[in-house]
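Let me begin by presenting the structure, written as structure tokens, before commenting on it.
The values are calculated or read from the model by the stated rules, or taken from the named source; none is laboratory data. Given the structure is predicted, the values throughout are model-derived calculations rather than measurements. As a convention, Cβ positions derive from the backbone with ideal geometry for all residues, glycine included, and neighbour counts pool all protein chains shown. Keep in mind that these areas ignore ligands, DNA and RNA; they rest on the heavy atoms of the full protein, side chains included. Shrake-Rupley method; radii C 1.70, N 1.55, O 1.52, S 1.80 Å.
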Amino acid sequence: MISHFNYLAFAIPAFFVFLFLEYRLALSLKKGHLFKYESSISNLSIGIAERLLNLFISASFYSLFFWIYTNYALFSIPNIWWVWLLLILVTDLVWYWYHRLGHEVNILWAAHIVHHQSEEFNFTVSARITVFQALIRNLFWCVIPLLGFHPAMVITILVVHGGYSFFTHTQLIKNMGWLEHILVSPSIHGIHHSSDEKYLDKNYGDVFVFWDKIFGTFQREEEPPKYGLTHPVKSYSFLWQHFHYYLEILAACKRESGLGTQLKIIFGHPSRLDQEIRPILEKKYLQHKVSSSYRFKYRGYLNIQMIISVILLTLITGLYPFFETADKLFLVGFILLTLINCGALMEQRKWIYNLEYTRVLTIFIYIFWKLDHMELLLPLVIMLFIAEQLFRISHLYRHYVLRYDRI
């Protein structure tokens with residue numbers, strides 16, 4: 001069993017160790033304002049979902065890499081020390097163009113925009129990667145085994161490449177000295193996350209700065225950047241943050257009758273998309289907030305849900321090969337429901353109590369199915385109904401969980 005354990009699971013608690021260290025350092029430097037609770041929870045929720053769903057696609061892409069390498073490799077590249085240097089350069093070059101196109105093509109930006117929604121810039125932001133973005137990115141990575149790099153080498157270097165980019169999402173390191181002429185620093189990458197006009201569409205590199213200098217997209221920090229989107233997303237909803245831009249593209253296409261025009265919208269530059277569409281969709285899909293002078297108060301309940309999600313993610317990551325398909329689907333479904341629930345809590349959604357009931361029933365359905373006692377499900381539903389009538393659980397829930405704190 002130990003020999004089949006996925007040791008990448010340890011990266012999850014390591015992430016939170018570094019996050020804790022960054023937060024404590026920020027407090028000691030009187031920079032606690034660099035962290036906002038609701039935004040940090042939102043960032044982590046998106047990262048948990050991507051890591052979870054990526055478990056199902058990572059093995060498939062390794063098989064795809066190997067198939068491409070075996071059947072279509074253009075060169076036979078040996079595994080010697082200097083090849084690793086070449087590989088990291090090639091990997092970062094592929095990343096540059098994947099990343100740049102992700103900002104210049106609407107349908108690709110729809111997947112990547114989530115990474116830029118946060119108005120924070122700290123380690124939690126590095127987690128804002130959607131499974132859609134991971135799928136697109138892996139398709140670009142197929143170029144590397146096509147060139148002739150062995151898939152095992154590719155996977156190894158991708159881990160290193162991704163690990164480095166984690167450390168560029170912080171405001172606590174402002175200058176790396178002479179290294180900034182070679183490597184992407186937090187300051188350089190912070191410019192990429194800026195919504196200031198002079199900083200837009202700059203610094204696409206992930207590890208090395210010279211790609212941006214070669215292709216004319218490099219920009220040093222001159223004034224402190226304002227992080228986030230030029231048109232901020234007015235919601236912490238897990239679902240809205242994932243899908244709002246796809247809805248914007250769809251709404252823009254519905255306004256046009258010609259296929260050619262619609263394709264120009266889908267594959268056009270995001271700056272050409274009508275900026276009035278998002279406010280219209282927000283009025284349609286996002287509930288109206290009564291007052292901006294209140295904020296979500298009951299954090300303990302939400303923290304517990306996040307901790308449970310992280311523990312389950314670590315468990316399924318480490319022991320993935322040992323779970324049956326039904327167990328995997330249950331864990332994925334339960335964690336995703338929990339993450340949706342976290343976003344709904346921060347949004348104070350009125351339907352959240354029904355979602356809670358759905359999560360409870362999901363747990364018991366799974367338990368009864370595993371124990372081969374599905375006949376117990378109906379009595380459980382009846383008991384929950386009676387408990388609601390007798391103790392007004394929904395009223396207690398809304399009173400103690402869905403409540404605001406005056407700012």
* To do: Sort out for me the Cα centre separation of the range 187-214 from the range 344-407, rounded to whole Å.
  => 46 Å
* Asked: Using a 1.4 Å probe, what is the accessible area per residue for the chain, in Å²?
  -> 52 Å²
* ARG220: accessible area at probe 1.4 Å, nearest 10 Å²? -> 90 Å²
* Inter-label distance for THR358 and PHE140, nm, one decimal - labels placed 7 Å from Cα along Cα-to-Cβ -> 3.3 nm
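Compute the length gained on full extension between LEU27 and LYS198: take 0.36 nm times their separation in residues and subtract their Cα-Cα distance, giving the result in nm to one decimal. Intermediate results must be reported in sequence, preceding the final value.
Details: separation 171, 0.36 × 171 = 61.56 nm, distance 3.05 nm.
Working it through step by step, the gained length comes to 58.5 nm.
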* Structure fact -> Stretched fully, the stretch from ASN175 through TYR37 gains (0.36 nm per residue minus C-alpha distance, one decimal, in nm) 47.0 nm
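To the nearest 500 deg cm²/dmol, what mean residue ellipticity at 222 nm is calculated for the chain from DSSP H runs of n ≥ 4 alone, each contributing -39,500 (n - 2.57), summed and divided by the residues? Display every interim value, and only then the final one.
Numbers: 17 runs with 250 residues, N = 407.
The per-residue figure over the chain is -20000 deg cm²/dmol.
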* To do: Can you grab the distance from the C-alpha centre of the range 215-272 to the C-alpha centre of the range 145-160, Å, no decimals?
  => 31 Å
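Over every pair of different alpha-carbon atoms in the range 85-229, take the mean of 1/r and invert it; report that Kirkwood radius in Å. All intermediate terms of the calculation are to be shown ahead of the outcome.
Values: mean 1/r = 0.0647 Å⁻¹.
With all distinct Cα pairs of the range 85-229 included, I get 15.5 Å.
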* Cross-link partners of LYS254 among lysines (Cα-Cα below 19 Å; sequence separation of 8 or more within a chain) -> LYS264, LYS283, LYS284
* **lysines with Cα under 19 Å of LYS30, excluding same-chain neighbours fewer than 8 positions away** => LYS174
* Estimated D of the chain in µm² per second, where Rh is the Kirkwood radius over Cα pairs and Stokes-Einstein applies at 10 °C, 1.306 mPa s -> 68 µm²/s
* To do: Compare the peptides 348-358, 102-112, 37-47, 327-337 by average per-residue count of other Cβ atoms within 10 angstrom and give them in order, highest first.
  => 37-47, 102-112, 327-337, 348-358
* To do: Go from 0 up to the bin containing the longest alpha carbon distance in the range 261-384, width 10 Å each, and give me the % of pairs per bin.
  => 10, 27, 26, 23, 12, 3
* **Rel. contact order, % - alpha carbon contacts under 8 angstrom, at least six apart, the chain** => 20 percent
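For the range 194-248, what is the charge dipole size about the Cα centre, in debye to the nearest 20, if Lys and Arg each add +1 at the Cβ and Asp and Glu each add -1 at the Cβ? Intermediate results must be reported in sequence, preceding the final value.
Numbers: 6 positive and 9 negative charges, 16 e Å.
With Lys and Arg at +1 and Asp and Glu at -1, about 80 debye.
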* Structure fact -> Measure of exposure for MET383: accessible area at 1.4 Å probe, Å² rounded to 10, is 130 Å²
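At a 1.4 Å probe, what is the % contribution of carbon and sulfur to the accessible area of the chain?
Details: 14480 of 21280 Å².
Whole-percent figure for carbon plus sulfur exposure: 68.
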* Structure fact -> A chain fully extended from TYR7 to SER257 at 0.36 nm per residue, minus the present Cα-Cα distance, gains in nm 84.8 nm
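Using only the Cα atoms of the range 155-211, what semi-axes does the equivalent ellipsoid have when each is the square root of 5 times a gyration tensor eigenvalue? Give whole Å, largest first.
Values: eigenvalues 73, 35, 26 Å².
Semi-axes (√(5λ), whole Å): 19, 13, 11.
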* Charge dipole magnitude, Cβ of K and R +1, D and E -1 - the chain, Cα centre, debye nearest 20 -> 1020 debye
* Structure fact -> Taking only the alpha-carbon positions of the range 68-136 as identical scatterers, the Debye log10 I(q)/I(0) at q = 0.14, 0.24 Å⁻¹ comes out as -0.63, -1.06
* Structure fact -> Any lysines whose Cα falls less than 17 Å from that of LYS36, other than same-chain ones fewer than 8 residues away, would be LYS226, LYS234, LYS297
